[in-house]
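Working notes, structure below.
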Ligand code: DER
């Protein structure tokens, strides 16, 4: 389908431009686009990948790395990564992202911030101008289970997200539990609020019990979107 082809296009372009021979410590994100990133890195050959190490952003990412026969690394061994590549749920015109559709945003943001270069790869559906217009289920917020009801109440009554909701499992009774044993709240906000994601991020982060917020601001160096016509759109840090 053209969505999968566009994911592959974005991933291949990003790897070709940003995973260079000198890049050895590489962060691998989560979701359905990053498998194409690993696919392209494998095509660089065993010789090139022999002395590289790959850091995962969660269980799914770890499985992707180990099943590809690539060497797994731990963030505690490396304080800086050369490059991290990850997907996103939506990217606005200033390279701010909503992330956390896969409930992995805590480790994703750690590896994104620890990298010299953080790159987003996505299909055309994620290419947006204002956050919240294509990804409409809300900002994913990882919370301590103990505090989930108090955080929900604050979001609904003080931060302007009356429809904030605890993310429930589909093939699992009860709420989704993250790789860090926390819960996820999805909190939709008005378009005006989403036009200033940095301000919203700061407000949500201050709520007691919030572990991490799926708003990535001033972190992305470049985002690549595969298009239905086979072209690639690049949004670059200005
Ligand atoms: O949860 C995330 O932020 C992931 O990166 C994910 O949402 C990206 O999704 P996709 O690559 O499967 O579209």
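Tabulated results
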{"item": "Stokes-Einstein D (µm²/s) once Rh is taken as the Kirkwood radius of the range 2-145 over alpha-carbon pairs, at 4 °C in 1.567 mPa s", "result": "85"}
{"item": "Two-site FRET efficiency, residue 227 against residue 113, from Cβ-Cβ distance with R₀ of 22 Å, rounded to 0.05", "result": "0.15"}
{"item": "Rg to Rh quotient for the range 76-119, alpha carbon positions, Kirkwood Rh", "result": "0.99"}
{"item": "Computed helical MRE - 222 nm, the chain, DSSP H runs ≥ 4 contributing -39500 (n - 2.57), nearest 500", "result": "-8500 deg cm²/dmol"}
{"item": "Scaled radius of gyration (Cα, divided by 2.2 N^0.38 Å) that the range 141-229 gives", "result": "1.21"}
{"item": "The range 1-116, relative contact order in percent, only Cα pairs under 8 angstrom and at least six apart counted", "result": "29"}
{"item": "Rounded to 10°, Cα long-axis angle of helix 148-157 versus longest principal axis of the chain", "result": "70"}
{"item": "Potential extension, residue 198-residue 238 segment - 0.36 nm per residue separation minus Cα distance", "result": "12.7 nm"}
{"item": "Convex hull per residue volume in Å³, alpha carbons only, for the range 80-238", "result": "120"}
{"item": "Alpha-carbon centroid distance for the pair the range 1-80 / the range 139-153, whole angstrom", "result": "31"}
{"item": "Average Cα contact separation per residue, the chain, under 8 Å, 6 or more apart, as relative contact order %", "result": "24"}
{"item": "Order by protection proxy (mean Cβ within 10 Å, highest first), peptides 23-33, 109-119, 61-71, 171-181", "result": "23-33, 109-119, 61-71, 171-181"}
{"item": "Cα gyration tensor shape of the range 97-140, rounded if a/c is under 1.5, else prolate or oblate by comparing a/b with b/c", "result": "oblate"}
{"item": "Helix axis angle, 2-18 relative to the chain longest principal axis, alpha carbon, degrees", "result": "60"}
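Just so you know, all these numbers are worked out from the coordinates, no wet-lab data involved. From a predicted model like this one, the values you see are computed outputs, not experimental measurements. Heads up, the Cβs are rebuilt from the backbone with ideal geometry, glycines too, and the neighbour counts pull from every protein chain shown.
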